[in-house]
Amino acid sequence: MTDPDLDLVYTRLCATMTALGEPQANLFLARFALLAIDRIGDRETALQMVADAADGLPAPEVPRAG
Amino acid sequence: MSRPFTPYPFTLVRHPARLPSLTGNRDAGHHSVVIVGAGPVGYTVALGLAAHGVRSVLIEADDGVCVGSRAICISRRSLQIFERLGVLEGFLKIGLPWTGGRSFYRGEQVLHFTMPHDENQKLPPMVNLAQYHIEQILLDRAEALADLIDIRWQTRVTGVHTREDGTALSVETPLGAYTLDADWVVAADGGRSFVRESLGLALNGTTYEGRYVIVDILLESKRPTERLAYFDPPCNPGSTVLVHKQPDNVWRVDYQLKDGEDPDEAIKPENVIPRVTSLLEMMGERGGWSPIWIAMYRAHALTLDRYRHGRVLFAGDAAHLLPIFGVRGANSGIDDADNLAWKLALVVQGIAGDRLLDSYSDERVAAARENLAQGAKSTEFMAPPSFAFSLMREAVLGLATHHAGVRSLINPRQTSAIAYSSSPLNVADDTGAFRAGPAPGAVLPECPITILENGQSRLGHVTDLLGARFALLTFSEDGAVSSTAIEALARLSAAAVPIALCPISQRSATGARERLSVDHTGRLFAMFDAHPGTVYLLRPDGHVLGRWHSPDAAAIVDAVLHALDQS
């Protein structure tokens, strides 16, 4: 994938999510993540991506049980 | 909407209380084993002991088999255990066999799963029948063995006094109270085990927030036996509903309560009946139906850290509580019982040292931890414990129709036989010795064979070779048995170890042997990576203890004596 390819996919992701609207953004990203995991097809790579995605995000101030 | 309740289509027999012959207020007899709790687990322990010729007293607080929404799914592994106890026929006669199920999301089918089933199998992967059927079948067998199993109904344990060399139990009956002494006590007295509480022991683990209403109904329907799961169904938006068929037109319906719903209100018939009605309408079931039983369920994933406490052994729900999703509750308890029975029998008979019972705890605690991990995954999908599990489940269900890759996440992960891979009893394989076959600790896989016996030939299966004894499977071209195997058998028999030689031949042979198995399909040798000279040593519960390609007699003898804590 070239830089312009990445640009294109990035823009399409944002545009698609914008069109769906913010209330559906979580579900959209969850679906995208599942399809990506399936396509990657490698446990270690996928686990590393889960860790990398969480890395640097601040912990919630009040622990939430959900 | 009012709809009258109907009883379960089952005739309950009430059993009277009975006092043993007493000396003062003490049972005059001396008991090797007292089992507390006549449920599926208690009966299985009693029948397992009886198969080894060991007597037991079985104490039950109630006056008959239990009714209510209890276990309904019995796994292939449990059926194999029941076959060895001589009760398989009843399960196959009454039980409804099934092999898979379907899951729906908002009315659309998103998964059709099947449990492992192929031409090698003798038994279905699962049968459905009510717990009162299960208990009645086991009770009938126990009553036929009255000289070995002393059942005492309406006898409630009120005190447990443990000593170094045994346990005294105080019991109450409508005819009076007494105490009885046991060398060993098996606590199979269920999730609220009195014995467990008396010993000050607590289960550890997770209790889930999500609640399910469990409803048994009477409904005439031609629908096949399968597991149906409805996620966010049109009849009950936002909920999850499970449907299982039982014998005699009884159906089990489980549905999830919504967040914030009051359990006390939700369980009232006026709130349950409309939900079941709309479910049946959605399913296209037009026949009349009646409610039988309504209960509230909350998933637990809990276990004791050890199942042996001196001379008290815990089994089934008294030892661990598993979520209903994946049907591991009763099935894991039956597996506990099968593991415990042969070990306790050999200890009582003085053939094994009591450390063998530590391996019961080691193996079954490890099995419970695996069951807990699997059960937790099933539960996290069926009753999502956080917004994130909910969100990801919605994503999975929404994608599953068109994306096969995510469908396995919906699979309910039904119970399967667990290998005791890290059991202290196992004899490790020589490195690289086997490329296939059940490794030490695993259960015997199924495969058809021809059994030649007394000049007769019949089709059978390799699990037919198991019994209340060790089994030495010796593989050969023509049924000849090596002098090594014969020597090992003689030495173990001399040490009073119950063991049978089970020769398996590649081709048919007319030897002088009493019993010979032939691999007529050619699949068994390949499945076990067996060659002429290969030996598999099996425990009485069908787990592999060790395997070798051409062992000397000492290897086999040492494996057994080490396991029995004799060496």
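Here are the numbers for this structure:
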{"read-out": "Cα-based reach from B:LYS222 at 28 Å (exclusive), listing lysines while leaving out same-chain residues under 8 positions away", "value": "B:LYS93, B:LYS122, B:LYS245"}
{"read-out": "Trypsin sites (Lys or Arg not before Pro) within the stretch B:8-56: DSSP coil, no more than 14 neighbouring Cβ in 10 Å", "value": "B:ARG14, B:ARG18"}
{"read-out": "Cleavage-rule hits, GluC sites (Glu not before Pro), the stretch B:67-161, DSSP coil, Cβ neighbours within 10 Å at most 16", "value": "B:GLU119"}
{"read-out": "Alpha carbon centroid spacing (whole Å) that separates the stretch B:1-40 from the stretch B:225-292", "value": "33 Å"}
{"read-out": "Rounded if a/c under 1.5, otherwise prolate or oblate - the stretch B:10-60, Cα gyration tensor axes", "value": "oblate"}
{"read-out": "Local electrostatic count, B:VAL312, Cβ distance below 15 Å [Lys/Arg +1, Asp/Glu -1]", "value": "-3"}
{"read-out": "5 angstrom amide H check on B:ARG223, placed H, neighbours 5+ away", "value": "none"}
{"read-out": "The stretch B:509-567-the stretch B:304-383 distance, computed between alpha-carbon centres (Å)", "value": "26 Å"}
{"read-out": "Gyration tensor (alpha-carbon) shape descriptor, the protein assembly as shown, a/c threshold 1.5", "value": "oblate"}
{"read-out": "Fewest-first ranking of B:ARG328, B:ARG491, using other Cβ atoms within 10 Å as the exposure measure", "value": "B:ARG491, B:ARG328"}
{"read-out": "Pairwise label distance in nanometres, B:HIS402 with A:GLU61, each label 7 Å out on the Cα-Cβ vector", "value": "4.2 nm"}
{"read-out": "Among A:VAL50, A:PHE28, A:THR11 the positive-end extreme of the charge dipole of the stretch A:3-52 (Cβ point charges)", "value": "A:PHE28"}
{"read-out": "Prolate/oblate/rounded label for chain A (Cα gyration tensor, a/c 1.5)", "value": "oblate"}
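Read the figures in this text as sums done on the coordinates, not as results from a lab. Remember, it's a predicted structure, so these values are computed and weren't measured experimentally. Quick reminder, even Gly has a Cβ in these numbers, built from the backbone with ideal geometry, and neighbours come from all protein chains shown.
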